[in-house]
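A.B. asks: Have a look at this one before I ask anything.
The values are calculated or read from the model by the stated rules, or taken from the named source; none is laboratory data. Note that the structure is predicted; figures quoted are calculated from it, not measured. Cβ placement follows ideal geometry from the backbone for every residue including glycine, while neighbour counts extend to all protein chains displayed.
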């Protein structure tokens, strides 16, 4: 067992410590962090700081952004806001009449986003509500695996759901869901637009 060091603090130690503290500056307060205090028993306690709207929106998207379209896979069939059960089930199963198709294969992210935005606006104006957006599955490495050994997913396949959930596209989109194999499977989405005038 190591011998315990019971040496008391000498005046020289105290002077050295105080000289070090002379250069120490207090940390700036971070309004987004958790404040730490000390209870009467000497134990540390956390005092949660009031959370802002951004964090609330992240944790509770349905409460803050109720009009934002969300993938149907996030809901039990037919329980997506503003969507009846029969329509939700039909869309998820691909049992719908597709009014328009858009193929984004080979486009850059910027070009694909601009093209998708224009496509949605035109379809909305013409009341063509059921759309098929083809993203492709993306380039795959090592027989379908990413550099981390997980299934590789194309950039547009990842980005399109994000774009559909953001302004300005979210103003026209009611819901979307991955397509069935006969319509492109993992490389495509069904998109259901809102009725014209109901933004």
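A.B. asks: What number of residues within segment 83-94 are in contact with a strand residue (DSSP E or B) (Cβ under 6 Å, 6 or more places away or on another chain) and assigned to a loop (DSSP other than H, G, I, E, B)?
C.D. replies: Result for segment 83-94: 1.
A.B. asks: Checking residue 122 against (1) free of Cβ contacts under 8 Å to residues at least 40 places away in the same chain; (2) more than 25 Å from the chain's Cα centre (by Cα); (3) not in a helix (DSSP H, G or I), which test does it fail?
C.D. replies: Every listed condition holds for residue 122 apart from (3).
A.B. asks: Take residue 77 and tell me if it is surrounded by fewer than 11 Cβ atoms within 10 Å (Cβ to Cβ) and at pLDDT below 85.
C.D. replies: Considered against the rule, which asks whether it is surrounded by fewer than 11 Cβ atoms within 10 Å (Cβ to Cβ) and at pLDDT below 85, residue 77 comes out as no.
A.B. asks: Given (1) modelled with pLDDT of 95 or more; (2) under 17 Å from residue 172 (Cβ atoms), identify the lone condition not met by residue 87.
C.D. replies: With (1) modelled with pLDDT of 95 or more; (2) under 17 Å from residue 172 (Cβ atoms) applied to residue 87, the lone miss is (1).
A.B. asks: Another one. Go through segment 95-118 and give me each residue that's closer than 15 Å to residue 188 by Cα, under 25 Å from the mean Cα position of the chain (by Cα) and outside any helix (DSSP H, G or I).
C.D. replies: Scanning segment 95-118 gives 102, 103, 104, 105, 106, 107.
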